Structure formats: C-alpha cells, structure tokens
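The values are calculated or read from the model by the stated rules, or taken from the named source; none is laboratory data. For clarity, every value in this text was computed on a predicted model and none was experimentally measured. Neighbour counts are summed over all protein chains in view; Cβ atoms, including those assigned to glycine, are modelled from backbone coordinates with ideal geometry.
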Amino acid sequence: MAEKNKARLTKVLDYLKYDDPFSKGVSFCPGCGLELLLRFIPRVLGNDIIITGTPSCSAPVLLGQNKQSWHTLSYFGTLMTGAAANATGLVRYYKKAGIDNTVVCFNGDGTANDIGFGNLSGAAERNEPFIYICYDNEGYMNTGIQKSGTTPYGATTTTTPYGTVHKGKNLRRMNLGVKMAMNKIPYTATATLSDLEDLAKKLLKAKKAKERGFCFLHVFAPCPTGWGANPADTIEICRQAVKTNYFPLWEAENGKIRMTKTVKKPKPVSNYTKLMKKFNHMTEADLEILQEDVEYETCLLGGLSVLEAECQLPVSAQD
Amino acid sequence: MNTTAISSNIQVITGNAAAAIAAKLARPDVVAAYPITPQTEVIEQISSFHASGDMDCELITVEGENSAMNAVMAASLAGGRVFTASSSWGLVFMYDAVLATAGARAPVVMVNVNRETPGIIAVSSGQQDMISTRDAGWIFLIAENCQEIMDLVLQSYRLAEDYDIQLPVMVHYDGFFLSYLSEGVEIPAQETVDQFLSVLESQPKRTMLRPGEKLGVGTHGILGGYMELRHKHVTAMERSKAKFDAIDQEFADIFSRSYGGQLEEYLTEDADMVLVGSGSMCGTIKSVIDEQREKGIRIGLVKIRMYRPFPHQALVKALKGKKAIGVVDRSLAFGFDGGPIYTELKAFETKLGGAKLVSFIDGIANTDITKTNVKQMIQMTADLADGKDVPEVTWVSYPKANKDKGEK
Amino acid sequence: MSSNQYFNHEGPWSEATDSLMCTDTGDWRSKRPVVDKEKCIFCGFCAIYCPIQVMEMTADSCFEPDLDFCKGCGICAKECPKGAITMVSEGEFVS
C-alpha cells in the first residue's frame, strides 16, 4: 500500500482540539444533524463550557437521568420559555463572583424563534455575555414534527399536513438570523454542517466576541426523520441548502452583515427540496413561490450587507 | 443582646420600600425583576440603590416576569444569593419557572405583592394570586405590616438558604393596603443583618453549577428517582416549619422583635373564640379584639405567617378546645363551601376538640375589611359558639351573595 | 437530610464523575460501512461528518467505524470523495 499523504487530511480536524464529552451511544436518530452539531461544539470550544438546553430532541442527552449523565459537560436543563433568561442568570452570577465561563445556550428553532423568542430578544437587548446557538430543524421534531415559525412555505408537518383543502404550510418562514443581527449584537452568524470549517471558525469567533456581549449562531441542522429524508443525505441537504441560497452563510459583527460564502450561480431550490419528502406534494407553481421567497431573502441580505458597509455604525452600537 | 438600639433607625416608609431595603440589606448577588402594579416601587427603589452604588448586585432589567424567575433561578443554582419581586399576573406569567425553581430546589427569595388574579383584569388587592400558586412547592410567608415585610424578607434568606431546607421562599403582602402604606419601620443596621445571615456561611455548601465540574442540574427524575425528589421536597417543606420557628427566635434575640414563627397568636390563650386571618387584615382584627375584650368577650386571633407548608400542627395546638373559629379568607376556592384557608383547616376539624368552624370571605377586590366587618364576624362566631344557626360561609361585604345562597 | 438512592444531591443534579449512560446504538444498524483501504486517501471526511464521531483513525492511515455504536446512517459512504466506503447489509456478516 502506498504511503498516504497526511496533508490531504481535512483541516476541520485541526479545529477539534478537545475530546468528545458525550457518551458514544446516545439515542439520536441515524443521520441526525443535531447529534453532529452537539458533539462538534465542545470539541471546538472546550469541555469547560456550560451548556443549557430545553425539552427537545437534545433534552434526553443534555439532561441526565437520575444521578447519571450522558456527557461530562456542566449543564443546566431549562424550560423552553426561559432558555436565554436562564443563561443570563448564570453569566450574571459568574460575573459577580468573578468566575470565568463560556455559557452555550443551545436550543432548537421552536425555543429560539417561537416560545422562547421574548427572552432571546431581551438577552440581545441587554447584550448578555453568552453564546446562543439555535439548531434549526424547521419544526418541533421531538414532539412529532409540528410546524414552527421557521418551517418553510409548503412543507408538510403533522400540524400542516397535506389535505384536500390545505396543502402544507401556507406561510413563509421567518428569518431568525437576520432578526438577531438587526439587534447589533457583537456577533451573529449562520452556519451549517456541510461546511464544518466555517462552523468551527464561527464558534471560535463567537467565543471571543462573547467577551463583548451577546452572540447568536443560527445553525441549519436537518432532521432526516422529520423531513422524510435519507439519513445518508444529511450533509448533502446542508450543501444544497447553501448552493441554492435556501440557507446562505454569513456573519455579522455588530450587525454588519458579510457573506462568508458567496454563491455565484445559485441552483434552483428544487435541487434542495427534492432531497426530502416534506416538499413532495409541491407543484411547479408552489416551488416557484418558495423560489421567489429564497431570492427575496438573498436579495435583502445582499442589500443589507451593502447598506451596512455604507452606513456609519452609531457609537451606541459599537463596543 | 440588643444591638438595634444603637445602630438602627426608624423611618416612615412604604411596604414596598421596606421590601427593597430588606433586599439591599441581604446583599443579593443577582436581582432580576419586571414592573407590575402594585410591586413596581420595589424595583424602582432597588434600581435607585444600584444606580447610586449602594447596592452591589447584578441587576437584570428583564423583558418579562417569566425571565425574571428564570434568571434568578439560574443565578441561584450557580451559587448566588438572589431576589425578585412580582404580583398577580406577573406571578402567573412566571409560573412555569416558579415550579421549576422549586423542583430544582433553588433557594430563591422573592416578594409577591398580593393582587387579585381572576379572569377579570382587576387592579385591586386580594390573595387569589397566592392561592392560585399555593402548591408550587415554595414556602409561602405572609406579612401583616411594613415592619414585618422587612423582617420576613430577612428571615426568608435564613430559611431558603439553610442547608437543611434549600427551598424558595415567597413573602406575600397585601397590595395597595401595604404596598403603598407608609408607616414607621425600624431599619436594622447592615452589620446586624450581616451577623444574622452569617450563620449560613458556617453551614456546608449546597451544590452549585460551576464550569468544568461535570455536574448538571435540571436532570430528569425517572420513576423512583422522581419520587425520591418529590419526597425530599415534601420532607424539606415539613422541616421548614420548626426551622422557621427557630429562626424567628434567633431573630428576636438579635433584633428584639418576635412574631411567633409559623403563627402569631394574639390573646388566644384564654379565648373561647378565635378568628384565623392573615396579612394586613390582622391589624384591624387586633384592634377590634381589644375593644371586644373590654366588653368581656373572650376573642383572640391566630395570624397565619407561614401558609405553605400548611402549619396544621401549630394551628391544631393553638385552636384545640376553642368553642368556635371564624376563618377569614381574601380569596375563593371553587366547589367548596368556604374560602381556601377555611377549607384546608377543615381537614383537621376532628383534631380541634369539637371546635365549630365558620368561613368569612372578605377583602377581595380592594374591599376594606373594616372594623364593622370584623365586629360582624366576631358576632357570628359568637353565635356559632352559642349553638345558634350560622351560615357556613358569609361574604361579609357582599350581602347579596348570602341572600342568593339562602334562596337556593 | 433525606436519604439518597437515585440522586447524590438534595436536588435534581446528575454527575459525570462515574461512567456515562450509554445505549448500544450499534444494534440499530441494518447496513454497516466497509472501508476499502486501497481507495481511501485519508482525507477524513467520513470522520468529520459522522454524527456519532465513530470513524477512528487506524495505524495504517485509514478510518474504521466503531461498530459497537455506528448506527449505519450511511453519511460516511455518501460523503467519501473516492467511493471507498460501501454500505453492506448486516445479513452478509451473519456467520
């Protein structure tokens, strides 16, 4: 066998400086994007983070059972309604007591965009020094695939099923990342699992930026079970989400948006939607509505990044 | 020992100010709160102490009560001393976190300024908010006047953070009647309060959430584990009764003020009849009792200071052998003939040595429990003692309710 | 204080000082990844994308799954740029 060139080894491995604190056998579905993300974060940020999590797919592993735990991280199992407020309480006490900390408030889109948005917004306003990570699987997966505010137009869930009158979600998804960037917090970024080096860099940037205040990471994390996708396609789904501009990758320091990956020739959104069953029923016309939505959001993002570059950031929004 | 004579001062302040000053004296690490009538002055005062540097705490001006409770719960579990304040709808808006705080055994101290919480938007006094949250697993204490608000907040820290207890404590006081009432309050010196609270430092450290310690909180209790946690909670609540009595004694040694722990008994020893009440109404009841006593009527008062856990042992001890007991409630219990405290006391009727019980509903929706009303209650309780026919429940300030009942 | 059987602390605290909880997720698998060592160029994509992080580096510069926990999702096979990983039915390995 020929000697293999170690130089080919992916750079992503260089970012995995710490051990995986999780038990090898945890009950996520095969191909779960959340599992990859959850193991990745402490390998990049370190095992001394405190992770907080809510009732969700991540709950069975974030929270222990009786005296036993699924991982070696310090954690706090919180309520969905108050996730960011719980993290606030922790960092404020640590500040008072002079204890160095990296608190990662790790929640799904249901908590971040819907039921826990009020306190997420409050934490952003007060510029609380912790990292909020939203893993976005576009719905309430743990309770059995219900619609959330980030479920896209047309998608079927158990509360937006395909029927003779109503065919999937008849509303557009909310753009959580942009909503948060507009608060001019020190750091906002989107990321996904197909581009792990980008994700690792953003995690490290957030860890640094949280010294100046609130950081928000919006991570696109497919749910093969809930979306009706082949578990093997999880990474490919992420890749196509980026290539079609369905989920653009960008970051914003103090709200100044900058694309971290520019898609020169975006592919049609059908390249993405065809990878899962939740869009199966959509006609060409339905897909055109989703396509328009994607193009509108991309255009807006581009416009915002140009405007932000032109406008002088007010002193109140600077560090 | 009496250190107060040399180092305390008396100021005319509101109940809300008393709560805020007490919180300042307890030196909390983290305070989180959201304004609501009639509690707002508490956080205004604390914000002012914080702004002037008189209070060295992390002040979190949250965007809602739910976040206030979540923030102080987390700060408490991280190891901090915390304080928050709310009222009625605010208490209800934080209710999921109120339950989680108790379940996590976080020694949070808060004041709740009692206000009506029915379906009708009502900016008026009443204890329905307290009653609606009574089995959240918190220790509930009730203050009668501004001085007692001050003293109960200080006592609460000793109770909540005691290593043998580790439970959240809510101090209740009547909105409007006490929140905005100004009266003379003896404000203890900081050193005296520090001395009173220093006992906690000599105790073992409770479990705290710290980075890198491989320790998590908010874990699932599974089957037996869940029951173990619930049973521990119940037994800690039970322990808190005697602990509260002991803390009140120790408080008396240092501050020269004593209230009697779980209950305050006012002229009950030789009484034939007793009214059972709580909160600000007790001042009025006491003054009417003084007048009635001059006429030779042997009436006394049992003031409930600790409402959760329900102090049934102390109540039975204080009330056993009396001829008649009138229980005054400022809230409702649906489906029961009588108010909530009356209904709960009734569960121990067989232990009261034949004492007869009667329920009075009064003081809801800001109605005054006037001296006339109290006289009526005493008269009806006396009638009951004499074997006369007295309705089981009387809405004292709303005779129509009693008429409707009769017609039915 | 009360007796502790299921919890070591007064409240709902769990600890990771002893062994972690673990599920035999390897039992879930219907297909297993088989790595062709000749085709493997040692890029590590299979390792970074594996949700369970069970692709382990071997001494001869290759990657092998920990079959005790591999759930058989097939991401490694899909993401391998050289097609060096094949998902083979578990039935093939029944002796």
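Considering each residue of segment B:86-104 in turn, at least one proves to be under 25 Å from B:T219 (Cβ atoms) and either away from chain A (no Cβ under 14 Å) or not in a helix (DSSP H, G or I) (or both). None of B:A365, B:A401 is modelled with pLDDT under 95 and within 20 Å of the chain's Cα centre (by Cα) except B:A365. State whether the residues of segment C:47-62 include one that is in a strand (DSSP E or B), among the hydroxyl-bearing types (S, T, Y) and more than 9 Å from every other protein chain (Cβ to nearest Cβ). No: segment C:47-62 contains no residue that is in a strand (DSSP E or B), among the hydroxyl-bearing types (S, T, Y) and more than 9 Å from every other protein chain (Cβ to nearest Cβ). Of all residues in segment A:206-235, which are in contact with a strand residue (DSSP E or B) (Cβ under 6 Å, 6 or more places away or on another chain) and more than 13 Å from every other protein chain (Cβ to nearest Cβ)? Answer for segment A:206-235, where residues must be in contact with a strand residue (DSSP E or B) (Cβ under 6 Å, 6 or more places away or on another chain) and more than 13 Å from every other protein chain (Cβ to nearest Cβ): A:A206, A:A209, A:K210, A:C215, A:F216, A:L217, A:H218, A:V219, A:F220, A:W227, A:G228. Can you tell me which residue within segment A:283-318, out of those that are among the acidic types (D, E) and surrounded by 11 or more Cβ atoms within 10 Å (Cβ to Cβ), is nearest to A:P152 (Cα to Cα)? Ranking the qualifying residues of segment A:283-318, first place goes to A:D293. Checking each residue in segment A:98-126 for being at the interface with chain B (Cβ under 8 Å from one of its Cβ atoms) and part of a helix (DSSP H, G or I) picks out A:G118, A:N119, A:S121, A:G122, A:E125.
The condition (being of a type outside the set (A, V, I, L, M, F, W, C) and not in a helix (DSSP H, G or I)) is satisfied by just one residue among B:R158, B:R134: B:R134.
Checking B:A143, B:A160 one by one, the residue that is buried (at least 16 other Cβ atoms within 10 Å of the Cβ) and either within 14 Å of another protein chain (Cβ to nearest Cβ) or under 30 Å from C:L20 (Cα atoms) (or both) is B:A160 and no other. Out of C:F7, C:F69, C:F42, one residue alone is within 8 Å of chain A (Cβ to nearest Cβ), farther than 24 Å from A:S69 by Cα and outside any strand (DSSP E or B). It is C:F42. State all residues of segment B:197-216 that are touching an Asp or Glu at 6+ places or on another chain (Cβ under 8 Å), more than 9 Å from chain A (Cβ to nearest Cβ) and part of a loop (DSSP other than H, G, I, E, B); if no residue qualifies, say none. Once the filter is applied, which keeps residues that are touching an Asp or Glu at 6+ places or on another chain (Cβ under 8 Å), more than 9 Å from chain A (Cβ to nearest Cβ) and part of a loop (DSSP other than H, G, I, E, B), segment B:197-216 yields B:Q203, B:R206, B:T207. Against the list (1) more than 22 Å from the chain's Cα centre (by Cα); (2) away from chain A (no Cβ under 14 Å); (3) under 22 Å from A:A97 (Cβ atoms), the condition B:L25 fails is (1).
Is at least one residue of segment B:57-77 more than 7 Å from chain A (Cβ to nearest Cβ), surrounded by 24 or more Cβ atoms within 10 Å (Cβ to Cβ), within 18 Å of B:Q128 (Cα to Cα) and under 19 Å from the mean Cα position of the chain (by Cα)? So far as segment B:57-77 goes, no, none of its residues is more than 7 Å from chain A (Cβ to nearest Cβ), surrounded by 24 or more Cβ atoms within 10 Å (Cβ to Cβ), within 18 Å of B:Q128 (Cα to Cα) and under 19 Å from the mean Cα position of the chain (by Cα).
If I filter segment A:173-187 for residues that are out of contact with any strand residue (DSSP E or B) (no Cβ under 7 Å at 6 or more places or on another chain) and in a helix (DSSP H, G or I), do I get at least one hit? Checked against the condition, which is being out of contact with any strand residue (DSSP E or B) (no Cβ under 7 Å at 6 or more places or on another chain) and in a helix (DSSP H, G or I), segment A:173-187 yields at least one hit.
Among the residues of segment B:118-125, some residue qualifies, meaning at least one is surrounded by 23 or more Cβ atoms within 10 Å (Cβ to Cβ), in contact with a helix residue (DSSP H, G or I) (Cβ under 6 Å, 6 or more places away or on another chain) and either part of a loop (DSSP other than H, G, I, E, B) or among the hydrophobic types (A, V, I, L, M, F, W, C) (or both).
Note on segment B:196-235: residues that are under 30 Å from B:A19 (Cβ atoms) and either more than 24 Å from the chain's Cα centre (by Cα) or β-branched (V, I, T) (or both) amount to 14. No other residue among B:K356, B:K371 is closer than 21 Å to B:S287 by Cβ and modelled with pLDDT of 95 or more apart from B:K371.
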